[in-house]
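The values are calculated or read from the model by the stated rules, or taken from the named source; none is laboratory data. Since this is a predicted model, take the numbers as computed values, not measurements. We place every Cβ from the backbone using ideal geometry, glycine too, and count neighbours over all the protein chains shown. Surface areas here come from the heavy atoms of the whole protein model, side chains and all, with no ligands, DNA or RNA. Shrake-Rupley method; radii C 1.70, N 1.55, O 1.52, S 1.80 Å.
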Amino acid sequence: MSKYVPKAEETKMDPWHSLANAIVIQAAKDYRVALRRLRRNPNNKSALSEIVDLERFFRSEWYAALTNVPGELLIQKLKEE
(Lines give C-alpha, C1' and ligand atoms only; values in the text may rest on other atoms or scores of the structure.)
Protein backbone atom coordinates (compact mmCIF):
# COMPACT_ATOMS: atom_id res chain seq x y z
CA MET A 1 0.00 0.00 0.00
CA SER A 2 1.48 3.35 -1.00
CA LYS A 3 1.57 6.26 1.38
CA TYR A 4 -0.09 9.51 0.28
CA VAL A 5 2.42 12.31 -0.12
CA PRO A 6 0.80 15.74 -0.41
CA LYS A 7 1.88 18.08 -3.16
CA ALA A 8 4.01 21.06 -2.15
CA GLU A 9 1.14 23.50 -2.61
CA GLU A 10 -1.06 21.40 -0.32
CA THR A 11 1.47 21.57 2.51
CA LYS A 12 1.91 25.35 2.38
CA MET A 13 0.12 26.98 5.26
CA ASP A 14 -2.16 29.93 4.66
CA PRO A 15 -0.41 33.05 6.08
CA TRP A 16 -3.37 33.81 8.35
CA HIS A 17 -3.27 30.28 9.72
CA SER A 18 0.46 30.65 10.32
CA LEU A 19 -0.12 33.90 12.18
CA ALA A 20 -2.86 32.33 14.32
CA ASN A 21 -0.54 29.44 15.20
CA ALA A 22 2.29 31.83 16.05
CA ILE A 23 0.04 33.81 18.41
CA VAL A 24 -1.08 30.68 20.27
CA ILE A 25 2.45 29.25 20.43
CA GLN A 26 3.86 32.51 21.81
CA ALA A 27 1.09 32.71 24.43
CA ALA A 28 1.89 29.13 25.50
CA LYS A 29 5.60 29.97 25.78
CA ASP A 30 4.82 33.08 27.81
CA TYR A 31 2.53 31.03 30.07
CA ARG A 32 5.27 28.46 30.71
CA VAL A 33 7.75 31.20 31.62
CA ALA A 34 5.27 32.90 33.95
CA LEU A 35 4.46 29.58 35.67
CA ARG A 36 8.18 28.95 36.18
CA ARG A 37 8.69 32.43 37.62
CA LEU A 38 5.75 31.93 40.00
CA ARG A 39 7.05 28.53 41.13
CA ARG A 40 10.44 30.08 41.93
CA ASN A 41 8.85 32.99 43.77
CA PRO A 42 5.21 32.47 44.86
CA ASN A 43 5.00 36.18 45.80
CA ASN A 44 5.83 37.34 42.26
CA LYS A 45 2.85 39.59 41.49
CA SER A 46 4.03 40.24 37.95
CA ALA A 47 4.10 36.51 37.11
CA LEU A 48 0.70 35.99 38.73
CA SER A 49 -0.78 38.88 36.77
CA GLU A 50 0.63 37.50 33.52
CA ILE A 51 -0.81 34.04 34.29
CA VAL A 52 -4.25 35.54 34.95
CA ASP A 53 -4.09 37.53 31.69
CA LEU A 54 -2.97 34.53 29.66
CA GLU A 55 -5.63 32.26 31.16
CA ARG A 56 -8.20 34.91 30.24
CA PHE A 57 -6.84 34.82 26.68
CA PHE A 58 -6.96 30.99 26.55
CA ARG A 59 -10.64 31.16 27.58
CA SER A 60 -11.55 33.97 25.18
CA GLU A 61 -13.54 33.93 21.95
CA TRP A 62 -10.50 35.35 20.18
CA TYR A 63 -8.41 32.33 21.22
CA ALA A 64 -11.22 30.03 20.06
CA ALA A 65 -11.17 31.78 16.68
CA LEU A 66 -7.43 31.12 16.36
CA THR A 67 -7.36 27.40 17.11
CA ASN A 68 -9.45 24.29 17.72
CA VAL A 69 -7.42 23.33 20.80
CA PRO A 70 -9.64 23.86 23.86
CA GLY A 71 -8.18 26.56 26.08
CA GLU A 72 -8.85 24.66 29.30
CA LEU A 73 -7.03 21.63 27.92
CA LEU A 74 -4.03 23.76 26.94
CA ILE A 75 -3.92 25.38 30.40
CA GLN A 76 -4.07 21.94 32.05
CA LYS A 77 -1.33 20.48 29.84
CA LEU A 78 0.99 23.45 30.36
CA LYS A 79 0.54 23.25 34.12
CA GLU A 80 1.40 19.53 34.03
CA GLU A 81 4.73 20.14 32.26
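Between ASN43 and LEU19, with labels modelled 7 Å along Cα→Cβ, what's the label distance in nm to one decimal, could you check?
Output for this residue pair reads 4.3 nm.
What is the calculated FRET efficiency for ALA64 to LYS29, with r their C-beta to C-beta distance and R₀ = 25 Å, to the nearest 0.05?
On the way: r = 20 Å, r/R0 = 0.78.
Efficiency, from the Cβ-Cβ distance: 0.80.
Could you state the accessible area per residue of segment 11-81 in Å², with a 1.4 Å probe and every protein chain left in place?
72 Å²
Tally up the carbon and sulfur contribution to the accessible surface of segment 26-81 as a whole percent, 1.4 Å probe, everything protein left in place.
Carbon-and-sulfur percentage of accessible area, whole number: 52.
Place the peptides 68-79, 26-37 in order of packing, highest mean first, counting for every residue the other Cβ atoms within 10 Å and averaging per peptide.
Answer by packing, highest mean first, reads 26-37, 68-79.
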